[in-house]
Amino acid sequence: MTTNRDQIRILFKEQLTGALSESAAQQLEQLLQEDPAAREEWAALQQETTLTTVNTQRRRNATEQTTDTGTARPHRIISRQWFAWAAAVILLLIAAGSYFIYHTHQHVPGDRLISRNYVLARSAVKLLVPGSTSLALTGDSAVQIWQVGEVRLHNDAGLLRYSGLSKGYGLNTLLVPAGADYRLILSDSTEIWLNAASRLRFPFNFARNKREVYLEGEAWFKVNANAEHPFVVHTPNTTVTVLGTTLNINTYDDERVRVSLIEGTVNVKGTTDEAVTLKAGTESVYGDYNGIRTAPFDTTEVLSWMKGVATYQDKKLRELKPMLERWFGVQIIFDKPEIAYITASGQLEKNKLTAFLHHLETTSRIRYYFSGSELHFNLP
């Protein structure tokens, strides 16, 4: 089993030979930030390499002190050459190796380390089944199969589907953490795609006269039509009744629920208002103490999260903050209050936080650093 110390040795060798890739450099950053033993091993390897290199050059110089005629070279000249060469080697090692510890990892009050790099520690998507243990779902190509009572679950490449009859109509909970998204096919063939930091409660089998699920976060639905059994999505503040359609529901904002209808017809009802019927191309926004408001919407903008891309134009950083935290699993900290109101324009892509940060620095005065899972923005 490869330990962190073993991994440090491998990465150190790659660093010296110039073969260290960008992903390996990020892995090294994380090891040095999180593991004191790894930092000690790195420092020891630097010292060992420096001494080995210097001793090798010493022996070489000692051999070269005698010429072919047996005449000793002036010791003072050799010493100058040796010290100059050794100094160059040490400076090179410091520049190449110590950078990771002393340049990108600086101490701040409270013994916290700050860094310019951050690797998201991804949490697994989880399925909580009543009366059973939670199941960790992988988002890669690995196939997972479970048997829960009479229900057979099949998870493959970020898609969960199942078959079989369950006893009773208990609600399962699908938890999608920050930095992830997940798809689910229900027993009635309805397709659901959940965005990051979302939660869906659903039964393995629907009751005879209704199909109901409960959403917190954001999800895209493609509901299988069944006029006799309407599909109902409960959110913290609204109830959406669907006869068979495609729509997106966003409940991230506790005070506003956004229902965007792509195809079909739905009814949206708030906690106190009368139901509003939406047609394709129209969305409702519930909240802001103004009841339910309807308006046309841009489908590309609303569904961009499904492609892992978000375009923003003159957005204040405080408006981008929730998305950054959901997509990358970081906590945004504005070191100065005025930073929250600085505007930015560009494109944000999932799994490309560094690209966003570099773009922000090159187009504004804002600078950033990481402290644990906190992403700080400051001004020079």
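The values are calculated or read from the model by the stated rules, or taken from the named source; none is laboratory data. What you see is a predicted model, and the numbers here were worked out from it, not measured in a lab. Here the Cβ positions follow ideal geometry from the backbone for every residue, glycine too, while neighbour counts run over all protein chains shown. The accessibility values were calculated without ligands, DNA or RNA, using every heavy atom of the protein model including side chains. Shrake-Rupley method; radii C 1.70, N 1.55, O 1.52, S 1.80 Å.
Tabulated results
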read-out	value
Residue check, Thr190 more than 23 Å from the chain's Cα centre (by Cα) and touching a residue at least 40 places away in the same chain (Cβ under 8 Å)	yes
Residue match in the range 213-225 (condition: touching a Gly at 6+ places or on another chain (Cβ under 9 Å) and open to solvent by 40 Å² or more (accessible area, probe 1.4 Å))	yes
Candidates Ala340, Ala355, Ala344 - the one that is modelled with pLDDT of 90 or more, of a type in the set (A, V, I, L, M, F, W, C), more than 17 Å from the chain's Cα centre (by Cα) and within 22 Å of Ala178 (Cα to Cα)	Ala340
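Conditions tested, residue by residue: (1) at pLDDT below 90; (2) open to solvent by 50 Å² or more (accessible area, probe 1.4 Å); (3) of a type in the set (A, V, I, L, M).
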residue	(1), (2), (3)
Leu113	yes, no, yes
Ala124	yes, no, yes
Val129	no, no, yes
Thr133	yes, yes, no
Tyr162	no, no, no
Gly168	yes, no, no
Leu171	no, yes, yes
